[in-house]
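Enquirer: This is the structure I have questions about; it appears just below.
Please treat every number below as a calculation from the coordinates, not as lab data. Keep in mind that this is a model prediction, so the values were computed, not measured. Heads up, the Cβs are rebuilt from the backbone with ideal geometry, glycines too, and the neighbour counts pull from every protein chain shown.
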Amino acid sequence: MKKCGLVGEKLGHSYSPYIHAQLADYEYRLYEKSPDELEDFIRNGVWDGLNVTIPYKKAVLPWCDELSDTARRIGSVNTLLRRKDGSLFGDNTDAFGFRLLLRRLGVDPAGKKALVFGSGGASVMACAVLEELGIGSLTVVSRHGENNYENLSRHYDAELLVNATPVGMYPHNGEAVCSLAPFTRCEAVADVVYNPARTALLLEAESLGLPCSNGLYMLVAQAKRSAEQFLGRPIPDGEIDRIERLLAFDTQNIVLVGMPGCGKSTVGRLLAERLGRELCEADSEVEREASLTIPEIFARFGEADFRRRETETLRRLGAASGTVISTGGGCVTQEGNYPLLHQNGVIVWLQRETAKLPRDGRPISLRSDLNELYARRAPLYARFADYTVSNDAAPEDTAEAILSLLRE
């Protein structure tokens, strides 16, 4: 069996083993190596194929006996192949991945003006691909270069924007390289970040109706191209879509919204059990952090204080990946909660007849006419929701219906 893997300095949680396990049956391991260990591992380690990640994509260049034209042009290597004669071949499959990401976005860069944020390796790769595809005008924006964040206004006519920086990447969720509003001619936005699934930049692109994509498709596509080199045979491009869907499903949060008492906790527990995920109940988390029950928070500090606490809790829960989140019934009354939940989640509105909704322990339900409360909140739930599912039948059936929808 071939021995393959990913080499880097600090790898943490990587999606690469999952992706490569879907692509082929070779061994794929993570190799964390210090700079002092790197050369000996590359030259003498027991491996057949490697992916290389930061900060070593340039460091391995001198040890390659041959480079692909792409790797030579970009000046970095993310795929190494040990040939039968022991020589090392270096390639850059990130370029393949980025090219397919643009194609998926429906973007033809030929003759257009592109703005690429960042001046590191991802930026160099993106620029090389755009130039190869006939971009009309290409500008790199960096913190200290001639074109920087202080004079972006000179480029508000850009038609394609590419974020090739780590800005907005977990744990710095919510940050963005710029606002998209002034870019009135923008046709598409690409972000190489894939955690969170929707950076602040992509959330804004969605709100403006712009075609946009994170870097997950590019990650899977470059892995597919690497695997082809490890195996010495082609792999259908359709595998990229299949694996990306699987990975997106496994890493996205399932977020349940709906009226107080509609069954979010029960259905959330069932979903968590069936998927082997953690269930995060926002109301319980607020109570734990405050060391007070929700009725006590309302009584002592009022609803505004509770909403503030709730938003801070959702900020933390929404930044995680691969969980089930049961929210409080009124979280949708705060528009700022939407990006917190949507950044990594698919949002499901659980509906139940108001006559079946319990009131006990729910301050707002106790003091409200539930039909009037529902009438006010229904448009807000609809605004947040990606899917709507009835929970008037057995909760087990509701959980199955949700899973069926998400796996389509």
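Enquirer: What lysines does K2 reach when the alpha-carbon gap must be under 28 Å and sequence neighbours fewer than 8 apart in one chain are set aside?
Expert: Once the sequence-local lysines are set aside, what remains near K2 is K10, K33, K57, K58, K84, K224.
Enquirer: Report, in deg cm²/dmol and to the nearest 500, the calculated mean residue ellipticity at 222 nm for the chain, where each DSSP H run with n ≥ 4 adds -39500 (n - 2.57) and the sum is divided by the residue count. Display every interim value, and only then the final one.
Expert: Numbers: 16 runs with 170 residues, N = 408.
Per the formula, -12500 deg cm²/dmol.
Enquirer: Which value in nm describes the separation of the simple spin-label points at A21 and M1, placed 7 Å from the Cα toward the beta carbon?
Expert: 1.2
Enquirer: In sequence order, what are the phi-derived ³J(HN,Hα) couplings for region 125-142 according to the Karplus relation 6.51 cos²θ - 1.76 cosθ + 1.60 with θ = phi - 60°, rounded to whole Hz, with x for glycine and proline?
Expert: Per residue, the Karplus-derived 3J(HN,Hα) values read 4, 4, 5, 4, 5, 4, 5, 4, 8, x, 4, x, 9, 10, 10, 9, 9, 9 Hz.
Enquirer: Measuring from centroid to centroid over Cα atoms, what is the spacing of region 93-151 and region 180-224 in Å?
Expert: Using only Cα atoms to place each centre, the spacing works out to 13 Å.
Enquirer: Another question about this same structure. As a test of understanding, state the convex hull volume per residue of region 188-241 from its alpha carbons, in Å³. Working shown, then result.
Expert: Details: hull volume 4.1 nm³, N = 54.
About 76 Å³ per residue, rounded to a whole number.
Enquirer: Taking amide hydrogens as modeled 1.01 Å from N in the peptide plane, which residues meet the under 5 Å criterion relative to N253, leaving out close sequence neighbours?
Expert: G322, T323, G345, V346
Enquirer: Using each residue's phi in region 218-224, evaluate 6.51 cos²θ - 1.76 cosθ + 1.60 at θ = phi - 60° and report the 3J(HN,Hα) Karplus result to the nearest Hz, with x for Gly and Pro.
Expert: 4, 4, 5, 5, 5, 5, 4
Enquirer: Under the rule of at least 5 residues apart or a separate chain, name every residue whose amide H is placed under 5 Å from the amide H of L67.
Expert: G90
Enquirer: Can you classify region 3-95 as rounded, prolate or oblate using the Cα gyration tensor, where a ≥ b ≥ c are the square roots of its eigenvalues, rounded means a/c under 1.5, and otherwise it's prolate if a/b beats b/c and oblate if not? It would help to have the intermediate numbers written out before the result.
Expert: Numbers: a/c = 1.30, a/b = 1.24, b/c = 1.05.
Rounded shape, in that the Cα axes give a/c under 1.5.
Enquirer: Could I ask something else about it? Quick one: if the Förster radius is 22 Å, what FRET efficiency do H172 and K10 give, using the C-beta to C-beta distance and rounding to 0.05?
Expert: 0.85
Enquirer: Please identify the trypsin sites (Lys or Arg not before Pro) of region 1-83 that satisfy two criteria: DSSP loop assignment and at most 13 other Cβ atoms within 10 Å. Which are they? If you can, show how the numbers build up before the last one.
Expert: Values: sites: K2, K3, K10, R29, K33, R43, K57, K58, R72, R73, R82, R83; in loops: K2, K10, K33, K57, K58, R83.
When the trypsin sites (Lys or Arg not before Pro) of region 1-83 are filtered for loop state and at most 13 Cβ neighbours within 10 Å, K10, R83 remain.
Enquirer: Length gain on complete extension for the stretch T311 to R269, per 0.36 nm per residue less the alpha carbon to alpha carbon distance? Before the final figure, lay out each step's value.
Expert: Working: separation 42, 0.36 × 42 = 15.12 nm, distance 2.19 nm.
Stretched fully, the T311-R269 segment lengthens by 12.9 nm.
Enquirer: When DSSP beta bridges are limited to those with both residues in region 107-210, what percentage is antiparallel, rounded to the nearest 5?
Expert: Details: 1 of 14 bridges.
Restricted to region 107-210, the bridges split so that about 5 percent are antiparallel.
Enquirer: Something else about it: What do you get when you divide the Cα radius of gyration of region 93-162 by 2.2 N^0.38 Å, with N the number of residues?
Expert: Details: Rg = 11.8 Å, N = 70, 2.2 N^0.38 = 11.1 Å.
Rounded to two decimals, the normalised Rg is 1.07.
Enquirer: Something else about it: What share of the DSSP beta bridges in region 3-95 is antiparallel, in percent to the nearest 5? Can you show the working numbers first?
Expert: Values: 7 of 19 bridges.
Antiparallel bridges make up about 35 percent of those DSSP assigns within region 3-95.
Enquirer: Kindly identify region 1-44 as rounded, prolate or oblate by the Cα gyration tensor criterion: order the square roots of the eigenvalues as a ≥ b ≥ c, call it rounded if a/c is under 1.5, otherwise compare a/b with b/c, prolate if a/b is larger, else oblate. Each step should come with its number before you reach the end.
Expert: Numbers: a/c = 4.44, a/b = 1.53, b/c = 2.90.
Taking the square roots of the gyration eigenvalues as a ≥ b ≥ c, region 1-44 is oblate.
Enquirer: Which percentage, to the nearest 5, of the DSSP beta bridges contained in the chain is antiparallel?
Expert: Values: 8 of 50 bridges.
Approximately 15 percent, going by the DSSP bridge assignments.
Enquirer: Please label the shape of region 253-407 as rounded, prolate or oblate, based on the square roots a ≥ b ≥ c of the eigenvalues of the alpha-carbon gyration tensor (a/c under 1.5 means rounded; beyond that, a/b larger than b/c means prolate, else oblate). Can you show the working numbers first?
Expert: Numbers: a/c = 1.56, a/b = 1.20, b/c = 1.30.
Verdict is oblate for region 253-407.
Enquirer: For the chain, set up a Gaussian network in which alpha carbons nearer than 10 Å are linked by springs, and say which option among F98, F298, F249 fluctuates the most.
Expert: F298
Enquirer: Non-local amide H neighbours of T79 (under 5 Å, H modeled in plane, Pro and chain starts lacking H): which ones?
Expert: V52, D91, T93
Enquirer: Would you mind getting me the FRET efficiency between E39 and D69? Use the beta-carbon distance for r and R0 = 25 Å, nearest 0.05. Don't skip to the answer; put the middle values down first.
Expert: On the way: r = 25 Å, r/R0 = 0.99.
Here the calculated transfer efficiency is 0.50.
Enquirer: Between region 15-68 and region 228-303, how far is it from one alpha carbon centroid to the other, in angstrom?
Expert: Value for the Cα centre distance between the two parts: 33 Å.
Enquirer: Ok, one more. Taking the chain as a Gaussian network, Cα atoms linked when under 10 Å apart, which of V116, V46, V346 shows the biggest mean-square fluctuation?
Expert: In the Gaussian network model the winner is V46.
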